[in-house]
């Protein structure tokens, strides 16, 4: 290879590298996956995923949409709880206040300690992220003077969250959600947003 051809090849490679860096920066800045770089876990997926039974993979793909709905719903409810109490209490340290039931505070402290003792990275520094779905319901309804203006009915909130809780259970236990339960989930999520109208 001539010196000139080598320099052109080197310039081409450098230009490509700079373009890749720019694309990566854009992807990070906008929170999108442009698919220009293989995911580091793709090799693991390629090696092991095909070994799972096709029916199980299909079931997992069908359940993924339900997980996404619950993930988004629960994150939305947690943000609503946190923002509402923080605004009402005029403090970011509302968790340790007497407004949060001591039983919930104790349970959350126990869950945090278990995570610390397991030697894994804590999922969050926010105690609210350690509450169960049922405890979120208790937080909302036990501090109704703060949340009452957001919802049409305390009983309806209790009922809807009580409906959602068992529908949520198949997801972490890797069981399929039956067709009737899928419909109940759709209705319960609609009801949740309707309560805030």
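The values are calculated or read from the model by the stated rules, or taken from the named source; none is laboratory data. These numbers come from a predicted model, not from an experiment. Here the Cβ positions follow ideal geometry from the backbone for every residue, glycine too, while neighbour counts run over all protein chains shown.
Taking residue 146 and the conditions (1) in a helix (DSSP H, G or I); (2) free of Cβ contacts under 8 Å to residues at least 60 places away in the same chain; (3) over 23 Å from the mean Cα position of the chain (by Cα), which numbered condition does it fall short on, given that it satisfies the others? Result: residue 146 fails condition (2) only. Filtering region 104-130 to residues that are closer than 16 Å to residue 83 by Cβ and in contact with a helix residue (DSSP H, G or I) (Cβ under 6 Å, 6 or more places away or on another chain) leaves 127, 128. Scanning region 167-192 for residues that are touching a helix residue (DSSP H, G or I) at 6+ places or on another chain (Cβ under 9 Å) and not in a loop (DSSP other than H, G, I, E, B) yields a count of 12. Just to be sure, is residue 191 modelled with pLDDT of 90 or more, assigned by TED's automatic domain parsing to the domain that holds residue 63 and over 23 Å from residue 66 (Cβ atoms)? Answer is no for this residue.
Screening region 9-25 for residues that are at pLDDT 75 or above and surrounded by 11 or more Cβ atoms within 10 Å (Cβ to Cβ) and picking the one that is farthest from the chain's Cα centre (by Cα) gives 19.
Selection of region 147-156 for residues being touching a helix residue (DSSP H, G or I) at 6+ places or on another chain (Cβ under 6 Å) and either closer than 16 Å to residue 68 by Cα or at pLDDT 90 or above (or both) yields 147, 151, 154, 156.
When restricted to residues that are exposed (fewer than 13 other Cβ atoms within 10 Å of the Cβ) and in a helix (DSSP H, G or I), region 108-141 contains 7.
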